[in-house]
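Below: the structure, in structure tokens.
The values are calculated or read from the model by the stated rules, or taken from the named source; none is laboratory data. Keep in mind the model is a prediction, meaning the values are calculated, not measured. Cβ coordinates were reconstructed from backbone atoms using ideal geometry, including for glycine residues, and neighbour counts include every protein chain displayed. Each accessible area value is taken on the protein alone, full model and side chains, heavy atoms only, with ligands, DNA and RNA left out. Shrake-Rupley method; radii C 1.70, N 1.55, O 1.52, S 1.80 Å.
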Amino acid sequence: GIYEQRFTYPSDTSSLFQNLYSDENTNITTLSMDVVRIFKEKWRTESGLKMIHRNMGVNAYSESADTSGVYSQDTLTYFDYSYKERIYSAYGIVARAVKNWKFQVGVRLEQSYQEPNLLSENKSFRNQYFNAFPSGHIRYKFDKKGEVSLGYSRRINRPNSDNLNPFTSYADPYNLRRGNPELRPEYIHSIDLSYDLPMKKLTLSVTAYQRYASSVINRVKVFYPDGTSAGTFANIDNSVNTGGEIVFQYRPLPIWRNMLSINGNYIKYNDNSNAGTNFNREGFVLGGKLSSTLELMKRTLTIQVNGRYGA
């Protein structure tokens, strides 16, 4: 994209003319293979392989005009950044149904590579990690009284390309911004206990959960003796999130669907890894979502209203 930007100061007749150039490209290749087998209508196995290749690039350049109208490069705003990500994974699942019970266990193995490279400053980084992600679920169906389920899973939240970009933005000289190329992924252990009760027009779902995360990716601000600061990202020790969610789904007519969800959780962040500083925080968070969808004209016209509350 090409942008032209003009700043005018009320107390001055002069103006600042600036041209901004940004060239971005993204290329994602995904290959996957899945195999599902059912034995005697009770056992089910599922397995598969997956490959994701992601190549991204950003080239940003700006120039400003002097009093004579001649443009010159703004060296502090130029950067050429490339990002490569490679993810190779394999998974296997075994499931069994016995009367009103359903059982499922599985595991996913993953090898990942992330390469954030700031080409304009000859800075190259390479992060690689191998992980195993187990999971297990148990479900019991009551006769005409809904279902209850208990599940466990280990998950991953990877830093994205912007989080890893080491370029320092000087747009505000007192509040710098930059990514952290050494940022590690965060890992989440999640336990969920839920109950689902379907009725004629109303479905009720109640879930209680606890999630423990390690190497939590968090936005932090670093302060320097000269009065400046820099916003960046860092991994803190861990967080513990305990909460519950209630979801109502109401369908008074075949063409009218309504959904209301309320989520409340108490989260605590723990970090004592840095001498003289800590990011220990805790508090209660409450949120809710509401949506109503009406399908008209033989479902060729959809009217939808959404609402969200967060605290």
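Among 284-290, 94-100, what's the highest-first ranking by average C-beta atoms within 10 angstrom per residue?
Output ranking for 284-290, 94-100: 284-290, 94-100.
So if each residue of separation counts as 0.36 nm, and I subtract the Cα-Cα distance between Ile255 and Phe223, what length gain in nm does that give?
Additional length available on full extension: 5.9 nm.
In nm, give the distance between the simple-model label positions of Phe284 and Asn131, each being 7 Å from the Cα along the Cα-to-Cβ direction.
Taking the two extended label points, one gets 3.2 nm.
For the stretch 154-311, report the translational diffusion coefficient in µm²/s to the nearest whole number, using Stokes-Einstein at 25 °C, 0.890 mPa s, and a Kirkwood Rh over Cα pairs.
128
Using 1/(1 + (r/R0)^6) with R0 = 51 angstrom and r between the beta carbons of Arg299 and Lys40, what's the FRET efficiency to the nearest 0.05?
Working from the Cβ atoms, E equals 0.80.
Distance in nm between label sites at Asn270 and Lys50, each 7 Å beyond Cα in the beta-carbon direction?
3.1
Per residue Cα convex hull volume for the stretch 82-190, in cubic angstrom?
Convex hull of Cα atoms, per residue: 134 Å³.
Rounded, prolate or oblate: which fits the chain when a ≥ b ≥ c are the square roots of the eigenvalues of the alpha-carbon gyration tensor, with rounded for a/c under 1.5 and prolate only if a/b beats b/c?
prolate
So what J values fall out for the stretch 121-137 if you push phi through Karplus, 6.51 cos²θ - 1.76 cosθ + 1.60 with θ = phi - 60°, rounded to Hz, Gly and Pro as x?
10, 6, 10, 10, 9, 9, 10, 9, 7, 10, 9, 10, 10, x, 8, x, 9
Run the paramagnetic zone check for Asn306: 7 angstrom along Cα to Cβ, then residues of the stretch 242-273 with backbone nitrogen under 20 Å.
Hits in the stretch 242-273 for Asn306 at 20 Å: 246-251, 256-264.
In square angstrom, rounded to the nearest 10, how much accessible surface does Arg44 have for a 1.4 Å probe?
Its accessible surface works out to 70 Å², give or take rounding.
Using a probe radius of 1.4 Å on heavy atoms only, what accessible surface per residue do you get for the chain? Whole Å² is fine.
So the chain comes to 65 Å² accessible per residue, rounded to a whole number.
How large is ³J(HN,Hα), in whole Hz, for each residue of the stretch 189-199 in order, when computed from phi with the Karplus curve 6.51 cos²θ - 1.76 cosθ + 1.60 and θ = phi - 60°, using x for Gly and Pro?
In residue order, the calculated couplings are 9, 10, 10, 10, 10, 9, 9, 10, 10, x, 10 Hz.
Can you tell me which of Ile138, Ile236, Ile38 moves the most in a GNM of the chain? Springs connect C-alpha atoms under 10 Å apart.
Ile38
If each of Asn122 and Ile28 carries a label point 7 Å out from its Cα toward its Cβ, how far apart are those two points in nm?
Computed distance between label sites Asn122 and Ile28 equals 3.5 nm.
So, with a 1.4 angstrom probe, what is the percent of accessible area on the stretch 163-311 that is carbon and sulfur?
The C+S portion of the solvent-accessible surface of the stretch 163-311 is 58 percent.
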